[in-house]
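Down below is the structure, laid out as C-alpha cells.
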Amino acid sequence: MRITEAVKRYSHEKLLICNDESSGLTAFIAIHDTTLGPACGGVRIWPYEREEDAITDVLRLSRAMTYKSAAAGLSLGGGKGLIMADSHTEKTDRLLRAFGRCVESLGGRYVTTEDVGMKPEDLIVIAEETRHVVGLPTSHGGSGDTSPLTGLGVYMGMKAAAKSVWGSDSLEGRTVAMQGFGNVGTQTAHYLVKEGAKLIVADIYQQSRDKALSIGASVVAPDDIYDVDCDIFSPCALGGTLNDETIPRLRSSIVAGGANNQLLEEKHGEALRKRGILYAPDYIINAGGIIQVACEIEGICDPRKSKEMTERIFDTTERVIKMSIDEDLPTSAAADRLAQRRLDAARRQKSAVAAD
Ligand code: NAD
C-alpha cells in the first residue's frame, strides 16, 4: 500500500507518524476532516502485526469520526490516534506521555480521548503532556469515562431497530449475542440485563469472560458468536467483523453494536440488507461518547444534557432507517448520506463566507 494513496483515497487532511525511541512508541494520528471543528476521536492501543493494517485502520476510523460527529449534529471534525502496542503488557507511562507530546505537536487540531485498550487513568498520564485531551476523570476536570454514554446510545439504537423490525422497542426476552465485553459491551449489557434481555457473550480475554459470567450471561468461544441463534448480533470489539465470511453465518434479525467500522467494506451494508438483517449503523448508535466530549469541549459539562442528547440516538436511528426505506438504500449508505449532507452544507457556508 502506498501511504499517500491511502491518505488521498478519502481526502484525509493529515496523517502523522509518531516515533519515540526512548519509550518504544510507534503511533499514528489521522486527521480526516476539520470542516465542522477540531478533529476529535479516541486513541486505540492494539498490537497490530503489520503497520499497513494499523494505518488502514487509523484512516478508516478517523473518517468514521467525521461522519459520526456530523450525523450527531456536533461541531467536531474526525480524527483518531493509534498506538501500536499491547495494552496488557506494553502500556507504560513513558509510552503514553510520548503519545501526549505527539498530540500536543498538532496544537489542538486533534483532540484525543479513550478508545480500545485505554482506561480513563491513562488519559491523566497523556494530559501531563498536552491540553488537548477530553474524557478525563471528573476528579481531573474532565467529563469522565465515555463508555457509559456510549453504552446508552447503543442500547437506544437497538431499541429503535427493534421497533422497526418487531413493532415494539421492548427488548424484554430478546437474545443479544455480544462480541467483545470491554468498556462499551459492559455498559450496553447493563441496560439489556435491566430490561430482561438474555445475553450471550464472546471475548478473547479471560477477565472479560469472567465479568460476563458474573452478570448472568452465557459465554461462547470467540469464533462461535456468529453462529449463535439470537435476535440481535452486537459487535462491541474491533471493526471489520461483518464481512463475506461472517454475514452468511449470522442468525439475527438486527445487527446493532458499539464497535467502530463494523462493515469490512461498504458493500457489506448491502449484503446485510439482502439477508433481511436490519443494520443499525455503528457510528449513528455509538455516538454517546463523542456527544459527551463535544459538550466538554464546548465547556458545558452537564451530564443531564449529554444524556438527553444521547437518548436522541433513538430518533436519529429511526430517521436513518426511514431514509433507507424511502431512498431504497442500505442503512449504512443512508447514514453516510445524512452525514455527507451536513458536511456539504457546512462547506458551502464556509466558502460563501470566504467569498464575501
Ligand atoms: P475495550 O478494550 O474496553 O473492549 C474491547 C473488548 O473486545 C476487549 O474485552 C477485548 O478482549 C475484546 N475483543 C477484541 N477482539 C475480540 C474478538 N475477536 N472477539 C471477541 N472479543 C474481542 O474497548 P471499548 O472501549 O469497549 O471499545 C469497543 C469498541 O467500541 C471499539 O470498536 C471502539 O472503537 C468502540 N467505541 C468505543 C467508545 C468508548 O466510549 N469507549 C465509543 C465509541 C466506539
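The values are calculated or read from the model by the stated rules, or taken from the named source; none is laboratory data. Just so it is clear, the structure is predicted and the values come from calculations on it, not from any experiment. Note that each Cβ is placed from the backbone with ideal geometry, even for glycine, and that neighbours are counted across all protein chains shown.
Things worth noting here:
- Residue 5 being free of Cβ contacts under 8 Å to residues at least 24 places away in the same chain, within 25 Å of residue 124 (Cβ to Cβ), surrounded by fewer than 22 Cβ atoms within 10 Å (Cβ to Cβ) and more than 16 Å from the ligand (Cβ to nearest atom): no
- Test: residue 325 is among the β-branched types (Val, Ile, Thr), surrounded by fewer than 23 Cβ atoms within 10 Å (Cβ to Cβ), part of a helix (DSSP H, G or I) and not assigned by TED's automatic domain parsing to the domain that holds residue 57: yes
- Search result, residues across region 251-296 that are over 15 Å from residue 153 (Cβ atoms) and within 15 Å of the ligand (Cβ to nearest atom): 255, 261, 263, 264, 296
Residues are listed down the side, and each one gets a yes or a no for (1) in the same structural domain as residue 279 (by TED's automatic domain parsing); (2) in contact with a helix residue (DSSP H, G or I) (Cβ under 6 Å, 6 or more places away or on another chain); (3) surrounded by 24 or more Cβ atoms within 10 Å (Cβ to Cβ):
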{"position": "185", "(1), (2), (3)": "yes, no, yes"}
{"position": "188", "(1), (2), (3)": "yes, yes, yes"}
{"position": "193", "(1), (2), (3)": "yes, no, no"}
{"position": "207", "(1), (2), (3)": "yes, no, no"}
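- Whichever residue in region 228-239 is closer than 21 Å to residue 161 by Cβ, within 13 Å of the ligand (Cβ to nearest atom) and not polar (S, T, N, Q) and, among such residues, is surrounded by the most Cβ atoms within 10 Å (Cβ to Cβ): 233
- Set 198, 211: member being basic (Lys, Arg), within 15 Å of the ligand (Cβ to nearest atom) and more than 21 Å from residue 304 (Cβ to Cβ): 211
- Condition broken by residue 47, with the remaining ones in (1) modelled with pLDDT of 95 or more; (2) surrounded by fewer than 23 Cβ atoms within 10 Å (Cβ to Cβ); (3) under 14 Å from the mean Cα position of the chain (by Cα); (4) of a type outside the set (A, V, I, L, M) satisfied: (3)
- Residue within region 56-64 that is at pLDDT below 95, touching a Leu at 6+ places or on another chain (Cβ under 8 Å) and surrounded by fewer than 23 Cβ atoms within 10 Å (Cβ to Cβ) present: yes
- Scanning region 83-97 for residues that are within 13 Å of the ligand (Cβ to nearest atom) and exposed (fewer than 14 other Cβ atoms within 10 Å of the Cβ) gives 86, 88.
- Here is the figure for region 115-137: residues that are surrounded by fewer than 24 Cβ atoms within 10 Å (Cβ to Cβ), in contact (Cβ under 8 Å) with a residue 24 or more places away in the chain and outside any loop (DSSP other than H, G, I, E, B) total 3.
- Scanning region 274-297 for residues that are assigned to a loop (DSSP other than H, G, I, E, B) and either touching a residue at least 60 places away in the same chain (Cβ under 8 Å) or under 12 Å from residue 69 (Cβ atoms) (or both) turns up 280, 286, 287.
- Matching residues, region 202-255, being in contact (Cβ under 8 Å) with a residue 24 or more places away in the chain and in a strand (DSSP E or B): 202, 229, 232, 233, 234, 235, 242, 251, 254, 255
- The residues in region 190-201 that are out of contact with any Cys (no Cβ under 9 Å at 6 or more places or on another chain) and either more than 19 Å from residue 150 (Cβ to Cβ) or assigned to a helix (DSSP H, G or I) (or both) can be counted, and the count is 7.
- For residue 225, the conditions (1) buried (at least 23 other Cβ atoms within 10 Å of the Cβ); (2) more than 12 Å from the ligand (Cβ to nearest atom); (3) among the β-branched types (Val, Ile, Thr) all hold with the exception of (2).
- Taken over region 41-80, the criterion of being in a strand (DSSP E or B) and closer than 26 Å to residue 338 by Cβ is satisfied by 41, 42, 44, 77, 78, 79, 80.
For every residue, the table says whether it meets (1) assigned by TED's automatic domain parsing to the domain that holds residue 177; (2) more than 23 Å from residue 137 (Cα to Cα); (3) crowded, with 20+ Cβ neighbours inside 10 Å.
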{"residue": "252", "(1), (2), (3)": "yes, yes, yes"}
{"residue": "255", "(1), (2), (3)": "yes, yes, yes"}
{"residue": "259", "(1), (2), (3)": "yes, no, yes"}
{"residue": "262", "(1), (2), (3)": "yes, yes, yes"}
{"residue": "267", "(1), (2), (3)": "yes, yes, no"}
{"residue": "273", "(1), (2), (3)": "yes, yes, no"}
{"residue": "301", "(1), (2), (3)": "no, no, no"}
